[in-house]
Amino acid sequence: MIDKEDSLPVTRQCKILELSRSGIYYTPVPLSAMDIELMRQIDEIHLLYPFYGSRNIRNELWAKGYNIGRDRIRRLMRRMGIEALYVKPRLSLSHSGHVKYPYLLRGLEVTKANHVWATDITYLPMSRGFCYLVAIMDWASRKVLAWRLSNTLGSGFCVDALEEAIAKYGCPEIFNTDQGSQFTAEVFTDTLRGNNIAISMDGKGRCMDNVFIERLWKSVKYEDIYLKAYASMAEVKQGLASYFKFYNEKRWHNHFDRKTPDMVYFDTLSQKQAAA
């Protein structure tokens with residue numbers, strides 16, 4: 001938008017476009033190696049003890065020999081997009097200007113594929129740096145329908161994953177998310193409404209509404225991410241492509257009497273189509 005090589009001065013360009021000059025000249029400060037290491041440690045502690053807040057995570061880090069204050073822990077947790085999972089007045093990093101939708105799954109029996117889909121975002125550590133993962137999951141079968149990686153917490157990569165899932169598998173009746181700003185953004189909800197999909201959002205203080213996605217993150221990290229220590233997003237993308245293929249097609253789920261997500265998805269999908 002701003003062309004620093006143009007003959008028109010940057011100050012004039014900013015004035016015409018009503019932009020702040022400070023934002024144009026600002027150069028983001030990269031995270032230090034220590035912050036990246038602390039984020040990796042915080043992620044591992046959060047997976048083991050998801051109910052821990054910044055105080056208890058700080059205590060765990062103290063026990064590991066890290067002399068770090070609680071404010072720094074809170075700052076890094078915000079950057080990672082994680083919070084303690086327990087009943088509290090405000091669970092999500094929401095946007096005050098975005099529309100929130102009611103939770104539609106209370107008391108609903110979900111046993112058929114494409115009845116309910118759900119999504120969430122998680123932080124992924126790499127050997128050098130980090131990235132974010134979003135996944136679209138079929139609620140009844142736990143099948144991962146689509147996923148995307150990003151180095152920022154915007155809505156774009158979430159919309160890309162949603163559009164891929166719809167293109168491959170059709171539309172669900174209900175789509176459930178938390179109240180995070182990525183999912184309440186118009187670009188995301190417009191995609192759902194445009195496909196006549198009912199929008200459901202986890203209620204405040206309901207930490208278990210999206211529990212299946214939380215379990216997926218634990219599997220992904222312990223069974224792949226932590227074992228591989230990927231060096232770049234390209235490596236993470238290649239590794240997760242193999243992992244999600246294994247997860248959907250080969251990984252047995254005791255909840256489904258040792259069936260894979262693919263087995264449950266396509267079995268219940270054919271039953272649903274037959275009933276229709």
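Kindly indicate whether any position in region 100-119 is assigned to a helix (DSSP H, G or I) and either in contact (Cβ under 8 Å) with a residue 40 or more places away in the chain or not basic (Lys, Arg) (or both). No, region 100-119 contains no residue that is assigned to a helix (DSSP H, G or I) and either in contact (Cβ under 8 Å) with a residue 40 or more places away in the chain or not basic (Lys, Arg) (or both). Count of region 213-228 residues, restricted to those that are touching a strand residue (DSSP E or B) at 6+ places or on another chain (Cβ under 9 Å) and surrounded by fewer than 18 Cβ atoms within 10 Å (Cβ to Cβ), is 2. Would you please name the residue that is surrounded by the fewest Cβ atoms within 10 Å (Cβ to Cβ), looking only at residues in region 49-64 that are hydroxyl-bearing (Ser, Thr, Tyr) and in a loop (DSSP other than H, G, I, E, B)? Out of the qualifying residues, it is 49.
Of the residues making up region 80-112, just one is at pLDDT 85 or above and under 18 Å from the mean Cα position of the chain (by Cα), namely 80. Of the residues making up region 150-182, those that are out of contact with any Lys or Arg (no Cβ under 7 Å at 6 or more places or on another chain) and farther than 17 Å from residue 138 by Cβ are 150, 151, 152, 153, 154, 155, 156, 159, 178, 180, 181, 182. Considering 243, 226, the condition of being part of a helix (DSSP H, G or I), at pLDDT 95 or above and of a type in the set (Ser, Thr, Tyr) is satisfied by 243 alone. If you go through region 120-168 and keep only what is at pLDDT 95 or above, acidic (Asp, Glu) and within 17 Å of residue 217 (Cα to Cα), you end up with just 138. The single condition among (1) surrounded by 15 or more Cβ atoms within 10 Å (Cβ to Cβ); (2) at pLDDT 90 or above; (3) not in a helix (DSSP H, G or I) that residue 45 does not meet is (3).
The values are calculated or read from the model by the stated rules, or taken from the named source; none is laboratory data. These numbers were taken from a predicted model, which means no experiment stands behind them. Ideal geometry is used to build each Cβ from the backbone, glycine not excepted, and the neighbour counts take in all protein chains shown.
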